[in-house]
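I have placed the structure first, in the form of structure tokens, so that the comments after it can refer back to it.
What follows draws every value from the coordinates through simple rules; no lab data is involved. The structure displayed is predicted, hence computed values, not measured ones. Counting neighbours? That spans all protein chains shown, and the Cβs are built from the backbone with ideal geometry, glycine included.
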């Protein structure tokens with residue numbers, strides 16, 4: 001065998017020797033105490049490691065992205081807030097520049113979470129945790145434009161911001177109004193290209209999908225000249241209900257009067273359009289407990305940060321309906337429905353088996369304590385052997401006085417052992433041996449006394 005094999009055999013042999021010594025009880029008391037204390041320290045260390053492992057916060061990665069960088073900034077603020085409040089779940093924010101790239105990262109399984117629109121998320125993998133906001137579909141026309149409805153778009157070119165993200169919106173609207181047949185074109189543009197495109201008449205309308213917050217409304221206003229005598233216009237999507245029926249991600253929505261501008265109001269009356277939710281979605285394979293902790297932590301952070309980031313005020317619970325387009329994660333559903341499991345619901349079986357294990361452990365600890373404290377001693381120092389050693393002396397005594405001395409020794413040994421027995425320091429087997437030895441000695445002493453008495457009577461007669 002090679003050297004490593006010899007070392008392994010030596011280690012195994014040493015371990016077996018220790019086990020045999022422990023089982024046979026031949027180790028001295030101090031070594032038994034050291035071994036038990038060492039095992040106790042190892043057990044305590046292992047328990048502390050497990051406690052730290054299971055109580056440390058869970059870190060989830062979230063992919064984010066937006067054209068203005070606002071979403072990654074808000075999520076970083078939420079992550080910092082969750083860390084400062086010692087939340088059980090922490091966030092690691094991965095900035096992917098655009099929402100489309102963030103959705104791809106999530107679909108590839110590289111992150112645990114993302115914020116995505118309902119019409120772009122991977123339905124096979126995603127489960128909703130929160131509704132972050134809603135994107136409202138707005139078809140905007142410049143001031144004094146003659147376009148007032150969808151028919152007015154015939155033969156026109158509509159600019160689209162974030163065209164890759166809005167492909168499904170365009171497809172749904174195009175199909176409903178048969179825009180291809182009336183030669184309506186859609187042109188992808190960046191936000192900075194839009195003013196020039198309007199001035200050079202490259203586009204006659206603009207399609208955007210955005211949350212209704214002061215920041216985004218202001219950005220939309222700044223696209224058009226501020227000195228225009230007429231306000232910008234909005235084209236209603238009157239068939240929003242029909243689109244909703246065939247395209248579940250989209251919902252018909254009534255845009256309130258004066259949303260974009262108060263005086264003169266834009267729109268000048270409630271306007272029918274579409275909106276689509278933005279969800280915080282989680283991988284469906286995340287545990288319910290982790291997602292429940294995430295949900296509660298996010299809602300608490302929303303409450304604390306809403307003053308600094310007004311968009312957070314729009315965070316709400318997603319639909320808990322079983323037929324929702326993007327199903328809710330069971331962990332989040334439990335939080336919003338108030339059906340979170342209690343400690344006993346989660347760990348009922350552990351408590352039951354733990355109580356049984358505790359009883360077993362108490363028995364083991366009692367055995368360990370006895371193992372540590374019992375004094376084995378040398379075989380010839382055991383009370384039963386000391387009693388047995390008196391057999392030879394009894395056979396050799398010459399007088400009653402010597403027998404009385406031996407009897408006194410027997411009484412002292414028995415007295416000591418009875419005291420130890422009452423204190424639980426004597427093994428049952430040892431007491432049985434002492435009982436047998438005592439009976440044997442009693443018989444021998446009676447026989448020796450008869451012999452001595454017979455000898456004395458013979459001497460007297462002589």
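A few points about this structure:
- For 134, 329, order by how many other beta-carbon atoms lie within 10 Å, fewest first: 134, 329
- Centroid-to-centroid separation of the range 141-203 and the range 227-278 [C-alpha atoms, Å]: 15 Å
- The simple Förster model, with R0 at 41 Å and r as the Cβ-Cβ distance, assigns residue 151 and residue 284 a FRET efficiency of 0.40.
- Residues in the range 433-449 reached by a label modelled at residue 395 [backbone nitrogen below 16 Å; 7 Å Cα→Cβ]: 440-449
- Extending 7 Å from Cα along the Cβ direction at residue 185 and again at residue 449 yields two label points whose distance is 13.2 nm.
- Cα→Cβ-extended label distance, 7 Å offset, between residue 108 and residue 201, nm: 4.5 nm
- FRET E, pair residue 124, residue 80, Förster distance 35 Å, beta-carbon r, rounded to 0.05: 0.60
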